[in-house]
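Enquirer: Here it is: the structure, laid out below.
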């Protein structure tokens with residue numbers, strides 16, 4: 001299996017193949033992946049987080065820290081929408097663009113009927129695709145957005161997602177006033193929103209120059225499958241999501257003919273300490289070790305020794321703000337050259353929980369490269 005990483009200039013290879021009439025060359029790689037001949041660019045990004053996230057070890061990387069969890073609103077749901085709106089507007093500004101320049105908006109969240117996103121993006125008046133991938137939603141939105149751009153269906157697309165600790169607790173667990181105890185395997189839903197503008201090379205000219213101003217492209221994607229190991233404990237979602245992460249990472253390795261050594265970092269979304277351990281064990285068993293290259297956004301976003309978050313962070317916003325704040329900064333500054341970003345999601349709902357159904361997992365793989 002040819003690896004896209006074996007080419008110094010895969011775009012030139014694709015152009016030459018086209019000249020030779022080899023238009024039948026497929027962009028798909030293996031069974032679950034796509035190689036981009038003209039990789040879309042990350043034109044601009046924004047990370048807006050709450051106070052607790054700002055106090056964590058990644059605090060200095062976030063674009064904005066909001067100390068008011070209600071964002072001046074009357075409900076937690078409206079507050080999440082305010083996070084979304086602010087992140088979208090800041091990402092557009094950082095890309096040096098206007099709302100009118102964006103062809104489509106792809107996003108979602110954890111709340112019923114995507115209310116955090118749909119109300120948050122209403123004022124933007126950008127054609128909207130609402131999606132649900134649970135905590136993997138940033139991966140799903142990046143996947144679909146990059147397909148739209150690379151397929152020349154759009155010049156630029158905005159991808160966004162969010163979560164809010166209080167809103168998630170209210171919907172999936174207990175009202176905050178209940179004061180229930182949390183087991184050691186539980187994670188803390190991140191309050192925040194991450195937004196990314198994805199576009200073709202012609203859109204690069206307006207991007208704001210920052211301390212880390214290098215370009216980043218989406219080299220390829222691996223679309224995950226639903227994986228169900230029979231987990232039913234909603235307080236241990238790391239265990240539910242880890243098998244899905246292992247499945248997607250293994251598919252990425254097989255489809256592209258690569259290994260962990262081809263990446264600087266393999267960043268999962270929100271497995272926490274429990275799920276991360278399970279993932280590394282599963283990859284070892286498959287003969288595809290990732291331990292030295294693996295990091296988990298849920299483990300990194302909080303100080304597990306000083307902040308009372310048990311197994312780490314979770315929620316759609318967890319991987320989204322870690323990507324838009326920390327990981328993209330590392331890529332733009334060329335400290336990282338290539339990462340595999342693997343947001344993870346536990347596909348449960350209040351209905352499935354009360355009907356005692358299993359918690360299937362899903363994960364998406366996004367190959368991001370510094371340029």
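Enquirer: Helix 10-19 versus the longest principal axis of the chain: what angle, 0 to 90°, nearest 10, using Cα atoms?
Expert: Computed tilt is about 50 degrees.
Enquirer: On to the next question. After finding the eigenvalues of the alpha carbon gyration tensor for the range 41-199, what semi-axes result from the square roots of 5 times each, listed largest first in whole Å?
Expert: After diagonalising the Cα gyration tensor, the semi-axes are 27, 16, 14 Å.
Enquirer: Across all directions of projection, what mean area in square nanometres is found for the Cα convex hull of the range 215-370?
Expert: Average projection, Cα convex hull of the range 215-370: 9.0 nm².
Enquirer: What length, rounded to one decimal in nm, is gained on full extension from residue 235 through to residue 152, with 0.36 nm per residue of separation minus their alpha-carbon distance?
Expert: Full-extension gain reported as 25.7 nm.
Enquirer: For residue 354 and residue 67 in the same chain, what is the full-extension length gain: residue separation times 0.36 nm, less their Cα-Cα distance, in nm?
Expert: Stretched fully, the residue 354-residue 67 segment lengthens by 99.9 nm.
Enquirer: Given springs between every Cα pair under 10 Å in a Gaussian network model of the chain, which of 293, 31, 78 has the largest fluctuation?
Expert: Maximum among the listed residues: 31.
Enquirer: At 0.36 nm per residue, and after removing the present C-alpha to C-alpha distance, how many nm does the segment from residue 334 to residue 89 gain when stretched out fully?
Expert: Gain in length upon complete extension: 85.6 nm.
Enquirer: Follow-up. Once the Cα atoms of helix 237-256 and of the chain are each reduced to a long axis, what angle between those two axes, in degrees from 0 to 90 to the nearest 10, is obtained?
Expert: Its long axis makes an angle of about 0 degrees.
Enquirer: In the chain, what percentage of the DSSP-assigned beta bridges are antiparallel, given to the nearest 5?
Expert: That works out to approximately 65 percent antiparallel.
Enquirer: Once each part is reduced to its C-alpha centroid, what is the distance from the range 83-143 to the range 261-315 in angstrom?
Expert: Value for the Cα centre distance between the two parts: 26 Å.
Enquirer: Suppose R0 equals 41 Å. What FRET efficiency, 1/(1 + (r/R0)^6) with r the Cβ-Cβ distance, do residue 215 and residue 182 give to the nearest 0.05?
Expert: It comes out at approximately 0.50.
Enquirer: Which whole-percent values make up P(r) of the range 95-180 when all C-alpha to C-alpha distances are grouped in 5 Å steps starting at zero?
Expert: In whole percents, the pair-distance histogram is 3, 15, 22, 20, 17, 10, 6, 4, 2, 1, 0.
Enquirer: Expressed as an acute angle from 0 to 90° and rounded to the nearest 10, what is the orientation of the C-alpha long axis of helix 272-285 relative to the principal long axis of the chain?
Expert: The two axes meet at around 40 degrees.
Enquirer: Using label points projected 7 Å from each Cα along Cα→Cβ, tell me how many nm separate residue 112 and residue 170, to one decimal.
Expert: For residue 112 paired with residue 170, the spin-label model returns 1.1 nm.
Enquirer: What list do you get for 296, 228, 101, 109 if you sort them by fewest beta carbons within 10 Å?
Expert: Listed from fewest to most nearby Cβ atoms, that is 228, 101, 296, 109.
Enquirer: Take the Cα atoms of the chain, build their convex hull, and give its volume per residue in Å³.
Expert: Once divided by residue count, the hull of the chain is 129 Å³.
Enquirer: For the pair residue 225 and residue 75, what calculated FRET efficiency results from E = 1/(1 + (r/R0)^6), where r is the Cβ-Cβ distance and R0 = 41 Å, to the nearest 0.05?
Expert: Calculated value: 0.70.
Enquirer: May I ask for the distance between the Cα centers of the range 331-371 and the range 211-235, given as a whole number of Å?
Expert: Here the answer is 3 Å between Cα centres.
Enquirer: Counting only helical runs of four or more DSSP H residues, what would the 222 nm mean residue ellipticity of the chain come to if each run contributes -39,500 (n - 2.57) and the total is spread over all its residues?
Expert: -9000 deg cm²/dmol
Each value in this text was obtained by applying a stated rule to the coordinates, not by laboratory testing. This one's a predicted model, so the numbers in the text were calculated from it and none came from an experiment. Neighbour counts run over all protein chains shown; Cβ positions are idealised from the backbone, glycine included.
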